[in-house]
Amino acid sequence: MSASADAAESADAAEAAGTAGYAPHPYIGGRTAALRALAAWRMQWPGAPRVIVVTGSPGSGRSRLVAGFLMMCDPEYRKRLPLDDLDPATVPPDLPSPAVPDPRGRTSAQLLWLLADHLGLEAARTEDIFTELAAREEPVTIVVPDVDLAGPVRPVNEPARLIRDVLTPLAATPTVRLLADVPRELAAELAGSAPGGQVQVIDLDEPEWADPEGLVLHAETALTPEAGAPDLPYTTDPDARRALAEALARRANGSRLTVHLAVRALFALPEPGDVDPADASQLPSTVGEVLDLHARRLGAEPLTLRQMLAPLAFAEGDGLPVQLWRPLASAVAGRDMGQAIAEGMLLAAPFIEPVESGEPDGGAEDGAGDGSGGRTLLRLTHPGLAAEIRAGFTDPRDTQTRIAMALLEAVPQQDWSRADPYVRDYLAAHTLDAGLLPQLLTDPGLFAHAEPVALRAAVEAVPLDQLGAPAHTYLRTAPLFTRSEAPAEMRAALLETAFVEDGLQPYADAVHGLGFDLPWRTLWSLPLTGVVSVAPAFLLPQGEGEGGEGGGEAAGDSRPVAALVVPVGTPHARPLPDSDTALLLHDLLRPGHLDAHAARMRRPSEDEQAASPYGLSRGADYLRIWARESGEVVTALLSDTPFRDADLSPQGVLLTATERGVTARQITAPTRITAPVPAPAPARAGAPLPAPAPESGPEVTPTIPAQATGTAPAADAASQDRPQGVEGDHS
């Protein structure tokens, strides 16, 4: 059966249902035709599509439709719905909840691995996920709502990547039954990825799905005192209420957002007057007209209202801190907007909503410093409203430049540890949209303090040839941050080492000036390949030890060195007898190769090792340093490539070898540092939550998630191949 035939049949069925006396869905209030199509998909009726793409213009109600449908798909939530009063053809069967990975604020990789974990897949790489799904005997049902809200920052256009990298392969997998809520500009791409006849597009703006009577009901309900409407002639009189609801719905041309904002604007007036349903000038037809009409009713300039709301329209994350609203609005307008905001709360009230944030109110990170408790953020009531306001600026890049400069000025003395969390975490997104991000990516303080998922997403959106050397180092190191959710201090330590490895010593020195109590100082790094082993040793004085003499010299008469076994032909290395390897000696405490015979080298004695303040234990891609006296872990080291070897000298110098080379770190950590446990995502109907981190005793903390390498997974929990944590395979 074709999609158009299905749509026509659904529309006819909806009309019949309306005359049969069925109650509307209590959350959706209509959309019978669309609900019938979704129920048929869920029931897997013969001829029903395998993939459904719900789309429409911003504010068309597609998110509400999918959310209302998921209520009926959740076994627990169904108990609270009057299912017996609804059209039976709109009610899906009582089945286990579908998988509902929530894309809001997540990268495509995060969403895909969240889905894989929920389904219990054993894949080690992203492509293996789709292979495993295709091999399943039973089909799996997946619902992906709110695709337009995907991504940690808006300018990177994560929804397009989500369609390309996740939803398109899912739609092409025969064992997957997929329902996705997708912006119109991306709907055709997703619809074209499933074989012909297996996909249906429900465009809520098209006549067969538009549901004008449902929009009238939506408006009429919003105008009732039970919904919070004040006592007015057109809210208390049923006939007047119905007439106004019909007029609002007719003018809104199917936009539920326009109706919703129009009603809110009416109720925000200090003295709501009568509204003539026959007077089109009193009824907005678009979201933009709602803004302009409301401003004129209050005697304000529409431009002033848009300038007030602009910082919220361009805001990232959950919203904008209240204290940043005025300076950003002033930057956008090019004048002081303090008085306009102070006197214009009725002007802005219909279009904004407060959000209580759990993060500290101030620049302190992780609850430290002066910031304590939660704080209030402001955001616009709907993403479609934000899009309308942004579209009203003829040069949005200039607007973002003004916002970015104001945010940068808000950093106290350019000290990122004192910056507001919003400034610290989202300045990169604003500068990306303004085309200025590469100029910002030279500050190690920003790299260490900024929330790594958002910063990494913004930096990855910049062409590589536009990035300087520090930004390239950050990109190389960022997967460790996002995979482990390392705190700022550990991010700084990993960056310090990465800068040394990349030959950027001034940036490594700058990290030490940021005020962190780093667990180590990187002494030197050699870019070597094929290193076989590393070991601390002592180099005896000239003439001692050669020919078998002098092996018992005291350590005080010897020079601490790093003995590296490397392939023959490595510069500065001496071949070892009867071997295809060579010995490379390097000063342990400072950069510099040493040219000496292997006979002059001796390993530390057991007594010397026992006198060391630290001990070492290792996993596939992490090391733990623990204090010998207390037995506590003092720090942990992650690597983006598996360790080939590692050893710890009596002086507390950690030697590590990976495919990248050999690095020496002087351990300085005086206290225990533990890796954080990722917080679960907000719950929603049918939504899977990230699996909790496994419990571990004192001997195995901190648990460091592994780094993907693209090879087959090991059988034990120490495998470095399976991506862990919220970040997944996104390296």
Original post:
Can you list residues whose amide H is under 5 Å from residue 25's amide H, if they're 5+ apart or on another chain and H is modeled 1.01 Å from N?
Top reply: 30
Original post:
Which ³J(HN,Hα) values in Hz, rounded to whole numbers, follow from the phi angles of the range 501-518 under the Karplus curve 6.51 cos²θ - 1.76 cosθ + 1.60, where θ = phi - 60° and Gly and Pro get x?
Top reply: 4, 8, x, 10, 4, x, 6, 5, 4, 5, 4, 5, x, 8, x, 7, 8, 5
**OP:** State whether the range 22-88 is rounded, prolate or oblate according to the following rule on the C-alpha gyration tensor (a ≥ b ≥ c being the square roots of its eigenvalues): a/c under 1.5 gives rounded; otherwise a/b larger than b/c gives prolate, and the remaining case gives oblate.
**Re:** oblate
Original post:
Hey, any idea what % of the range 16-168's accessible area is carbon plus sulfur with a 1.4 Å probe?
Top reply: 49 percent
Original post:
Rounded, prolate or oblate: which one fits the range 188-314, using the alpha carbon gyration tensor with axes a ≥ b ≥ c (rounded when a/c is under 1.5, else prolate when a/b beats b/c, else oblate)?
Top reply: oblate
**OP:** Express the relative contact order of the range 212-349 as a whole percentage, based on alpha carbon pairs under 8 Å and six or more residues apart in sequence.
**Re:** 18 percent
Original post:
What shape does the range 54-159 have by the C-alpha gyration tensor, where a ≥ b ≥ c are the square roots of the eigenvalues, rounded means a/c under 1.5, and otherwise prolate means a/b greater than b/c and oblate the rest?
Top reply: oblate
Original post:
Which whole-Hz couplings ³J(HN,Hα) result when phi for each residue of the range 291-306 is put into the Karplus expression 6.51 cos²θ - 1.76 cosθ + 1.60, θ = phi - 60°, listed in order with x for Gly and Pro?
Top reply: 4, 5, 5, 5, 4, 5, 4, 9, x, 10, 7, x, 5, 4, 4, 5
Original post:
Got a sec to turn the phi values of the range 592-608 into Karplus ³J(HN,Hα) couplings, 6.51 cos²θ - 1.76 cosθ + 1.60 with θ = phi - 60°, whole Hz, x for Gly and Pro?
Top reply: x, 7, 10, 10, 8, 6, 4, 5, 7, 9, 9, 7, x, 6, 4, 5, 5
Subject >> Long-range amide H partners of residue 514 with built H, under 5 Å >> reply: none
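The values are calculated or read from the model by the stated rules, or taken from the named source; none is laboratory data. The structure presented is a predicted model; accordingly, all values stated were derived computationally and were not measured. These area figures cover heavy atoms from the full protein model, side chains too; ligands, DNA and RNA do not enter into them. Shrake-Rupley method; radii C 1.70, N 1.55, O 1.52, S 1.80 Å.
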